[in-house]
Each structure stands twice: as C-alpha cells, then as structure tokens.
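Structure first, commentary second.
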Amino acid sequence: MNNQAEFVKDLVTEHGTNRESLLPILQAVVEKDRFLSENAILKIAEETNIPAADVYGTASFYSFLDIVPRGKYVIRVCKTITCAMKGKNQILLALEDFLKIKLGDTTPDKLFTILETNCLGWCHKAPAMLVNDDVYTELTPNMVVDILSAYKAEADKE
C-alpha cells in the first residue's frame, strides 16, 4: 500500500465513514498533498463507501479544496464588491505583472498560483488576499510586490 493510501485509510479510521467525515478527510489530504488527486478521491471514495462522484462533487464545490496541482504559494484574492471598489483589480494586475502569469495560472517554477475567491471576511480592510494561510489587507500594488518578493526570497533560501 502506498503512503497516500495509508494516509487516507488512517484519516477514515480517525474520522469515520459517514458523510459528515468527508470534509475533514478532504481538508487533511489537501493540507498534506496541496491538492486532491484523482487517486486520492478514488481512495477516499473506496474507504468511506461514498460514491466517487459525490466525493469529487464535494471537493470541486469548495474553492479551498483544490482538485488540480497548485503552486507552493496559493494567492487567493477576494473578489467581493467591497474589495473591487477598493482596488482589487489593481492588486490582480500587480500580481500578474510581477509573476508574469494570469489569474488562474501557476508560475512555471510551481512557486505561485493566482486565484480569486469569495469573501475572506476582511471587507473592513479591503482589498484583501491570502497567501496560503497568511492574510494581507489594505493592499496596494507596491505592497503586493514587497509581499511576493519576501515569499520568493524565502523559497530561494530553502
């Protein structure tokens, strides 16, 4: 049995096989592997006895459960009206310009992915973005360049 299969089996043992357990299992796989592969979805379906289509449907419904590989740093820009009114489009342009990729893409070195997401809960400090689990608010295009430069420098050290 491979590591992923063992990991899924352990998660199912820990959380159970009912539908309420599906989300924590999916979240744990994403936390470990950075996305849900087809193999992971099939293994979760097999271990929980939940149809693979239902597992995939749940995984694809939630924007934070990635079903395709992403970069090491996933940038999620809030797309609410508040963030839009406070400069979200300029933030996206700064991200795309700095990383030389478009919204939805991953850099060739697999370091960064740019995505939009629904409300991050920081409307009072818009525009906002997440880089993995780190929240950044009241952004300006210059701040975005500084933030990403720090992540690049961190990655270069590793």
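What follows is calculated from the coordinates using simple rules that are stated; it is not laboratory data. All values derive from a computational prediction rather than experimental measurement. Virtual Cβ from ideal backbone geometry, glycine too; neighbours counted across all protein chains shown.
Tell me which lysines have Cα within less than 23 Å of residue 88's Cα, excluding those fewer than 8 residues away on the same chain?
72, 79, 100, 102, 125, 152
In degrees between 0 and 90, to the nearest 10, how far off the longest principal axis of the chain does helix 38-48 point, with axes built from Cα atoms?
50
What is the chain by shape, rounded, prolate or oblate, if you read a ≥ b ≥ c off the alpha carbon gyration tensor as root eigenvalues and call it rounded for a/c under 1.5, prolate for a/b larger than b/c, and oblate otherwise?
Numbers: a/c = 2.66, a/b = 1.85, b/c = 1.44.
Because a/c hits 1.5 or more and a/b exceeds b/c, the chain counts as prolate.
Helix 88-99 sits at what angle to the longest principal axis of the chain, using alpha carbons and giving 0 to 90 degrees rounded to 10?
Once rounded, one gets 80 degrees.
How far is helix 22-33 tilted, in degrees, relative to the longest principal axis of the Cα atoms in the chain, given as a value from 0 to 90 rounded to the nearest 10?
Long axis of 22-33 versus the principal axis of the chain: about 60 degrees.
If you average the sequence gap of Cα pairs under 8 Å that are 6 or more apart and divide by the length of the chain, what percent do you get for the contact order?
Dividing the mean separation by the residue count of the chain yields 19 percent.
Quick check on the exposure proxy: order 131, 74, 29 from fewest to most C-beta atoms within 10 angstrom.
Details: 131 17, 74 20, 29 23.
Ordered from fewest to most neighbouring Cβ atoms within 10 Å, 131, 74, 29 come out as 131, 74, 29.
Calculated FRET efficiency, residue 146 and residue 82, Cβ-Cβ r, R0 30 Å, to nearest 0.05? Can you show the working numbers first?
Working: r = 23 Å, r/R0 = 0.77.
The calculated FRET efficiency here is 0.85.
Which of 143, 85 comes first, and how do the rest follow, when ranked by fewest Cβ neighbours within 10 Å?
In order of increasing Cβ crowding within 10 Å: 85, 143.
Work out, step by step, the length gained on full extension between residue 90 and residue 17: first 0.36 nm times the residue separation, then minus their alpha carbon distance; give nm to one decimal.
Residue separation times 0.36 nm, minus the Cα-Cα distance, leaves 21.8 nm.
For a footprinting-style exposure proxy, rank 15, 124 by other Cβ within 10 Å, fewest first.
Result, fewest neighbours first: 124, 15.
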